[in-house]
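Here is the structure we will look at, set down as structure tokens.
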Amino acid sequence: MKIGVLTGGGDCPGLNAVIRSVVRKGTQEYGFEFVGLRDGWLGALRDKVVPLDIAAVRGILPRGGTILGSSRTNPFKHEDGVARIKDTLTAHGVDALVVIGGEDTLGAATELSRQGVPLVGVPKTIDNDVAGTDYTFGFDTAVGIATEAIDRLHTTAESHMRTLVVEVMGRHSGWIALHAGVAGGANVILVPERPFDIDQVCGWVKNRFRTNYAPIVVAAEGAVPKEGHVIVQDRALDEYGHVHLSGIGEWLAQEISRRTGTDARTTVLGHIQRGGTPSAFDRWLATRFGLHAADAVNDGAFGTMVALRGTEIVRVPLDETRGRTKVVNPSLYDEFEVFFG
Ligand code: F6P
């Protein structure tokens, strides 16, 4: 059997660990051959197919990014996309795909699977917002990076007695903000799931100054004021209809300064959260996902995605996850309110 592997959407630490483990297990245990499709669905549309064997995946376990490249290409936005993908697979004798992606890439995979493309999905994203799995790899690394940044910001904030706002990634969900904010001892955590009241935020900030500590405010890029809109960098839409977020951190710093009469600055962590070597947990999870994806292909379990449930790796029908985003549960967020202010 010949298997094509692709990585789509925003990259994240651990993609190479999946590629390595699916190729190792598929080759050694099942005698599969592999090829890589470059740059996500773009490679399938444009016939950008590269050899992928055990030699090609040696040494990549600790490397961030993806040796196959990635893009936010949506095959359904390209003329004859499905037919072109099928042609590429036929031309290279590819029998099935392993598709490593977040909700967009896996959403396209779900539709392609319905239209007869045999494939198995592997969920990834630093945002941890893919429905059907307890965790995605990439998330733990991003939380570690954001937590270290918050630790560092505490000391400089206190030297100058000013507020430091940290903007982290998280378009629809506040998982990174919540986990890193709690781990880093933030005084305010703002997530997209809970529109915030700027007066309350300023109240928490003032309260923190009263106890002679400097406030740290962690905000997900998709956090939104109760009477306002999400703040965007530019309005151009990608092929999945997303705008480029970022700006809420700067908006918060300005509002806090203006309303409290105290100094406030912003740090935007941006793509630092997506780069570099994966954490041990992400390497572990990504490796397990790759091993189980090879098993799923061998079993002909197409149209499914491997997922983490508790400590078990299970197979979830892709159809069940389509169009669902895993968001922060309000009661989980409320658990930490005692630390605000
Ligand atoms: O989907 C993961 C993610 O990192 C989001 O948190 C963020 O909004 C987006 O990607 C940024 O994408 P890009 O790198 O395409 O600007």
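The values are calculated or read from the model by the stated rules, or taken from the named source; none is laboratory data. None of these values were measured; they are calculated from a predicted model. Cβ: placed from backbone, ideal geometry, glycine included. Neighbour counts: every protein chain shown. To get the accessible areas, we keep the full protein, side chains included, count just its heavy atoms, and leave off ligands, DNA and RNA. Shrake-Rupley method; radii C 1.70, N 1.55, O 1.52, S 1.80 Å.
Before moving on, here are some points about what is shown:
- Average projection, convex hull of the Cα set of region 141-274: 7.7 square nanometres.
- Percent of Cα-Cα distances greater than 24 Å, calculated over region 1-148: 27
- Placing dummy labels 7 Å off each Cα toward the beta-carbon, the span from ALA183 to ARG152 is 1.5 nm.
- The simple spin-label model puts a point 7 Å past each Cα toward its Cβ; for ASP134 and MET1 those points are separated by 2.7 nm.
- In this structure, the residue pairs whose Cα-Cα separation is over 27 Å, taken from LYS226/LYS326; LYS25/LYS326; LYS124/LYS206; LYS25/LYS77; LYS86/LYS326; LYS77/LYS326, are LYS25/LYS326; LYS124/LYS206; LYS25/LYS77; LYS86/LYS326.
- Shown for region 141-274: the carbon plus sulfur share of the solvent-accessible area, taken with all protein chains present and a 1.4 angstrom probe, equals 49%.
- For the pair region 184-239 / region 1-80, the C-alpha centres are spaced 37 Å from each other.
- Length available on full extension from ARG235 to ASP263: 0.36 nm per residue minus the Cα-Cα distance, which gives 7.1 nm.
- Region 270-330: C-alpha gyration tensor shape, a/c 1.5 cut-off, then a/b vs b/c: oblate
- Within region 174-260: Cβ-based charge dipole about Cα centre, in debye rounded to nearest 20 (Lys, Arg +1; Asp, Glu -1): 560
- If a spin label sat at a point 7 angstrom from the Cα of SER159 along the line to its beta carbon, the backbone N atoms of region 253-293 nearer than 20 Å would be those of 263-269.
- Entry for the chain at q = 0.13 Å⁻¹: log10 I(q)/I(0) = -0.92, Debye formula applied to identical alpha-carbon scatterers, no solvent contribution.
- Cβ-Cβ FRET estimate between ARG309 and LYS226, R0 fixed at 25 Å, reported to 0.05: 0.10
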